[in-house]
1. Given H placed on each backbone N at 1.01 Å, which residues far from VAL152 in sequence or on other chains put an amide H within less than 5 Å of it?
2. What is the dipole size for region 130-249, taken about its Cα centre, with +1 at each Lys and Arg Cβ and -1 at each Asp and Glu Cβ, in debye to the nearest 20?
3. In debye, nearest 20, what is the charge dipole magnitude of the chain about its Cα centre with +1 on Lys and Arg Cβ and -1 on Asp and Glu Cβ, if you could check?
4. With the contact rule set at Cα under 8 Å and sequence spacing of 6 or more, what percent relative contact order holds for the chain?
5. Please work out, to two decimal places, the log10 of the ratio I(q)/I(0) at q = 0.12, 0.13 Å⁻¹ from a Debye calculation in which every Cα of region 202-266 carries one identical scatterer.
6. Which entries in LYS115/LYS206; LYS2/LYS292; LYS24/LYS292; LYS35/LYS226; LYS2/LYS187; LYS117/LYS206 show an alpha-carbon gap greater than 31 Å?
7. Taking Cα centroids, how far is region 165-236 from region 268-308 in Å?
8. Could you please rank GLU123, GLU86, GLU202, placing first whichever residue has the fewest other Cβ atoms within 10 Å of its Cβ?
Amino acid sequence: MKGVSYNSFGGSEVLQYGDLPEPKLSQNTVIVRMKATAINPADIALQAGSGESLMETWFPVVPGWDIAGIVERVGAGVVEFHPGDEVIAYMHQEILHSGTYAELVSVPVERLWRKPKNVSWGEAAGLPLAGLTAYRAVSDALRVSGSDIVLVLGASGGVGSLATQLAVMSGATVIGSASALNQTYVKSIGAEPVLHGDGVAEHIRKLAPGGVTAIVDCAGQGALAKAAAAAAPGARICSIADGGPGVTTVFARPDTGVLARLVDLVEAGSLRITVAASFALADAAIAQDALKARTCGPGKIVLVPEVP
Ligand SMILES: NC(=O)c1ccc[n+]([C@@H]2O[C@H](COP(=O)([O-])OP(=O)(O)OC[C@H]3O[C@@H](n4cnc5c(N)ncnc54)[C@H](OP(=O)(O)O)[C@@H]3O)[C@@H](O)[C@H]2O)c1
């Protein structure tokens, strides 16, 4: 099978597209034929070696943690899924070795859920990691409700766009930061857009003179510090990309119960996954560079096995 792998840490230049051994099928795994996989900033960070102190790395590494695809074979212990089923998964692994940038992927059955029926493969691949993170931030960490004024930093990103929609769904008033390129998009998903960068706190105070009651930082890069002055006294603050005093750090966690809820929301038309661009698997390096540059527009960048 074809896939993308790297043999040493580095930037997108270490990625190699070529033949890889097919994954083995153990009792409680499912072989999924990948139809789309999403690129996440974590792929790029781990590839650069940032996870070395936290997790084992077994080279060659196939990057990627999001998959949407079709079940090809099931292990002897799997009764929940059958060949032909359309599925998605967040494939986080404790050892960096066998990810989703490949035509065939072995997925533990407890990570799988059915694909939302009403979206493309690319959109489906953009849901698991980003959706699980957004849900943990908005619903679990901050418990956003209709009485909140919520600031989502990075509202145009893969996670931020879903966090924004979840906060809007809860009835909260939502303000979302993004670049000039993505202001219209942020408005389209139900938030009042503000430009990120210097002066962001003043922009937000104009929209919420009493301050925001909750902040979801989906941007990192110091965005929280720049916006901190817009927080009302006692505001709840969480970040998926930064830390600090009074900030709850949130990490994605595989959870098919939450994934099921997200799939239901997508199928009900309440949650929209936006695909900024789609690249062929062979162009994974170009796709990673595009994610870093963030010039493709809002939402997720995805890879598909064939040329899109
Ligand atoms: N803790 C976890 O489990 C977890 C899970 C997923 C992601 N993350 C982390 O969360 C961050 C976002 O992930 P993502 O997948 O949503 O990334 P993404 O799709 O690339 O989105 C990045 C967002 O940040 C905004 N942004 C970029 N530069 C900025 C700056 N200098 N100041 C303010 N905002 C800026 C972007 O806005 P524009 O494009 O409009 O400029 C965009 O909205 C990454 O650092 C990622 O590693 C953590």
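1. ILE175, GLY176, SER177, VAL216
2. For region 130-249, the charge dipole is close to 120 debye.
3. 700 debye
4. Normalised by residue count, the contact order of the chain is 19 percent.
5. Treating every Cα as an identical point scatterer, log10 I(q)/I(0) equals -0.40, -0.46.
6. LYS115/LYS206; LYS24/LYS292; LYS35/LYS226; LYS2/LYS187; LYS117/LYS206
7. That distance is 24 Å.
8. Placing the least packed residue first, the sequence is GLU202, GLU86, GLU123.
All of the numbers you see were taken from the coordinates with simple rules; none came from a lab. Just so it is clear, the model here is predicted, and its values are computed rather than measured. Please note: Cβ atoms are built from the backbone with ideal geometry, for glycine as well, and neighbour counts cover all protein chains shown.
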